[in-house]
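To start, the structure itself, in structure tokens.
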């Protein structure tokens, strides 16, 4: 009988000990769950930049030099692409010659006509005529090649500009000769003054086109995309390279109202980026939009990434959690 009671007492003690052990394990498990929940990532969105630029060419020309590649760091004003300037420089030279001719014609119109001036004007007219004939033949030749697909539209545009300049010079020379033969009048002087203005405007246009052959970065940052190579034709308006300021990144995310109400502007957060092998970065809440999304009950929360990493890029997905 005593033996039986002892066995019952031992069994009760064992059962009691098991009960205590189970309670301790449950308490530890609950604590771990609470701890992991406190670091739970509650929002997500794509990384974007407050400062980025797509660089395009204003003219059509062949690329002769590219000083950057994807990942290269650039500063605002750095030269990133150079285009071929041979044709552009020729247009500037032609336009400058037209200015000189127009100015000379104006001076002649303002002075007394002498026989040698008429001879000089006739020689200028003959030279201008030959230049025009050459430019016209060159234009017709290139147009035929463009029609057959052997040349580009950009080359035809250049030939057309050269033809227009040559035509203007020829007309100026004609007018100068006629004015000398007929004698100067106020109206003819006004005409030559207008031609000087027109020639100067054409020169300025040619000089701007030449300056556009050197392409610089409008912002500081890193090159995120490159769509052109040396030797290829840069088309006006086409995107050549993209630059992003990786030091000014943020994440736009949406949070349910109950979570958004617990957030505050300036609050620190953790940002995890899967495309960076789950690396975590520090950030802070910069904007909480009180206006609800019309398509849902979520609130827009903008988070600024305060840690800097040049490998972070716009378009990467990021998860946001509380510190």
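Below is a table of values for the structure above.
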| quantity | calculated |
| --- | --- |
| Scope segment 213-258; condition within 24 Å of residue 287 (Cβ to Cβ), in contact with a strand residue (DSSP E or B) (Cβ under 8 Å, 6 or more places away or on another chain) and loosely packed, with under 15 Cβ neighbours inside 10 Å; matching residues | 256, 257 |
| Residue check, residue 188 outside the structural domain of residue 90 (by TED's automatic domain parsing) and either crowded, with 16+ Cβ neighbours inside 10 Å or in contact with a strand residue (DSSP E or B) (Cβ under 8 Å, 6 or more places away or on another chain) (or both) | no |
| Where a residue in segment 130-147 is closer than 13 Å to residue 167 by Cβ and not assigned by TED's automatic domain parsing to the domain that holds residue 172 and its partner, wherever it lies, is assigned to a helix (DSSP H, G or I) and at pLDDT 90 or above, with Cβ under 6 Å and at least six apart | none |
| Residue ID - nearest to residue 198 (Cα to Cα), chosen from residues in segment 65-112 that are touching a residue at least 60 places away in the same chain (Cβ under 8 Å), in contact with a strand residue (DSSP E or B) (Cβ under 7 Å, 6 or more places away or on another chain) and in a loop (DSSP other than H, G, I, E, B) | 84 |
| Residue count for segment 217-269, restricted to those that are outside any loop (DSSP other than H, G, I, E, B) and without any contact (Cβ under 8 Å) to a residue 40 or more places away in the chain | 1 |
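The values are calculated or read from the model by the stated rules, or taken from the named source; none is laboratory data. The structure displayed is predicted, hence computed values, not measured ones. Every residue, glycine among them, receives a Cβ derived from its backbone with ideal geometry; neighbour counts consider all protein chains shown.
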